[in-house]
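Since the structure comes first, as structure tokens, the remarks are kept for the end.
The values are calculated or read from the model by the stated rules, or taken from the named source; none is laboratory data. These figures come from a predicted structure and were not determined experimentally. Cβ placement follows ideal geometry from the backbone for every residue including glycine, while neighbour counts extend to all protein chains displayed.
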Amino acid sequence: MKDKDRRPRGKAEPATSSRGAPSRGGQAAGNRPPQAKPLAARNADSRPPARSAPEKTAAKAAVSDAAPPRAEVRVRTGAKPQECIPVILETKGARDYHLIDSGDGLKLEQYGPYRIVRPEAQALWPKTLPPHVWENVDSIFTGDTDEDGMGRWRFPKDALGETWPMQILDAEFYGRFTAFRHVGVFPEQLAHWSWMKEKVETAGRPLKVLNLFGYTGVASLIAAKAGAEVTHVDASKKAIGWARENQALGRAEHLPIRWICEDAMKFIQREERRGSRYDIILTDPPKFGRGPNGEVWQLFDHLALMLDICREILSPEAKGLVLTAYSIRASFYSIHELMRETMRGRGGVVESGELILREGGVDGNEPGRALSTSLFSRWVPK
């Protein structure tokens, strides 16, 4: 499902595989049910001929795709996981990004070579830095201050191009001035990405990572460069195209990433029926969204089922399930208790709290106030 609150609107198109071949019916290339084949002649004893392993796999996929999707949340039994609350995951800055200052409903950020001013409703306090710092910027977003509101960018100095290259951790990507004030990366997620990178690099085996609502693919690129096999799902063709541009920017076409343009719920329901398993699942759902075929996503209506299915497709040796929630009127306790109910009987620990950005001043090295950006809940095995 496309993130209406945080991402540009755009007409979704058929999925594409990591090899670039178009797929049909919103399914990733390579995941389509096979064409029916005529039965071979029966043996003399009337027993059907034995199927090869590929034929058995294809038959299983055809049956699983034909089955109706699950629509109810399972009633879980067993002990709840242990809990660790509240947890504050802080991002002080990274290569090519830091929060300079905030206040009066605005935030001043450094994105690569550019200083940018954008609306920020949670910046309730006065600005710290003097006016001349806030005025010496490259771009200012003006227009609707709602998360899904459209606006435009004003360039006080020179007119700038639509995109520019950036790097966070090991991922190279393009920043972009969009009509929805976002620039293609949510730097507070660096806390989750660093955690994921460490898990992948120290696993001692290739991990399978599923990135749901994956947007422009920064997390997917970080995971793949660390050694994971990645499945990236987003319903927006525009976002998938941007992600592929990011992959090409870093000359990372060889990395094992499947780019899938599809409704996230439909994808994980099919993966559950097929018995697919993942070691790490990142899910960053919007408050409201629509899939490529008009599927409707409502966070409060569908989140419990989505997490329940995600639990089913976690591998027995899974490293974690991460949920981030933006722009909702809820306490982190809400998603915390939901995650604990979802993971009943699985053991481990549920860590929940907030993601924050820490102001760093002009040079990024002067710690200031904390700006809350989102809620999160993360299950990890003990």
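Has the stretch 124-135 got any residue that is among the β-branched types (V, I, T) and either more than 30 Å from T231 (Cα to Cα) or at pLDDT 95 or above (or both)?
Initial filter on the stretch 124-135 (among the β-branched types (V, I, T)): 128, 133.
Those still in the list that are either more than 30 Å from T231 (Cα to Cα) or at pLDDT 95 or above (or both) too: 128, 133.
The answer is yes; a qualifying residue exists.
Looking at the stretch 335-370, which of its residues are touching a residue at least 12 places away in the same chain (Cβ under 8 Å) and closer than 15 Å to Y97 by Cα?
Answer for the stretch 335-370, where residues must be touching a residue at least 12 places away in the same chain (Cβ under 8 Å) and closer than 15 Å to Y97 by Cα: I356, L357, R358, E359, G360, G361, V362, G364, P367.
Out of the residues in the stretch 305-316 that are farther than 19 Å from S374 by Cβ and touching a residue at least 40 places away in the same chain (Cβ under 8 Å), state the one that is surrounded by the fewest Cβ atoms within 10 Å (Cβ to Cβ).
S315
Which residues, taken from the stretch 312-355, are part of a loop (DSSP other than H, G, I, E, B), out of contact with any Pro (no Cβ under 6 Å at 6 or more places or on another chain) and among the hydrophobic types (A, V, I, L, M, F, W, C)?
Matches in the stretch 312-355: I313, A318, I328, A330.
Yes/no matrix, rows are residues, columns are (1) surrounded by 15 or more Cβ atoms within 10 Å (Cβ to Cβ); (2) at pLDDT 65 or above; (3) touching a Leu at 6+ places or on another chain (Cβ under 8 Å):
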residue	(1), (2), (3)
T57	no, no, no
R74	no, yes, no
T77	no, yes, no
K80	yes, yes, no
V87	yes, yes, no
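Check A248, A243, A223 and return the single one that is within 18 Å of the chain's Cα centre (by Cα), under 24 Å from F177 (Cα atoms) and not in a loop (DSSP other than H, G, I, E, B).
A243
Answer with yes or no whether A191 is touching a residue at least 40 places away in the same chain (Cβ under 8 Å), farther than 30 Å from G227 by Cα and either not in a loop (DSSP other than H, G, I, E, B) or not assigned by TED's automatic domain parsing to the domain that holds P367 (or both).
Against the criterion (touching a residue at least 40 places away in the same chain (Cβ under 8 Å), farther than 30 Å from G227 by Cα and either not in a loop (DSSP other than H, G, I, E, B) or not assigned by TED's automatic domain parsing to the domain that holds P367 (or both)), A191 does not qualify.
Out of (1) in contact (Cβ under 8 Å) with a residue 60 or more places away in the chain; (2) among the charged types (D, E, K, R); (3) over 29 Å from S334 (Cα atoms), what's the single condition that is false for K225?
(1) is the only condition that K225 fails.
Within the group K157, K225, K199, which residue is surrounded by fewer than 18 Cβ atoms within 10 Å (Cβ to Cβ) and either in the same structural domain as I268 (by TED's automatic domain parsing) or not β-branched (V, I, T) (or both)?
K157
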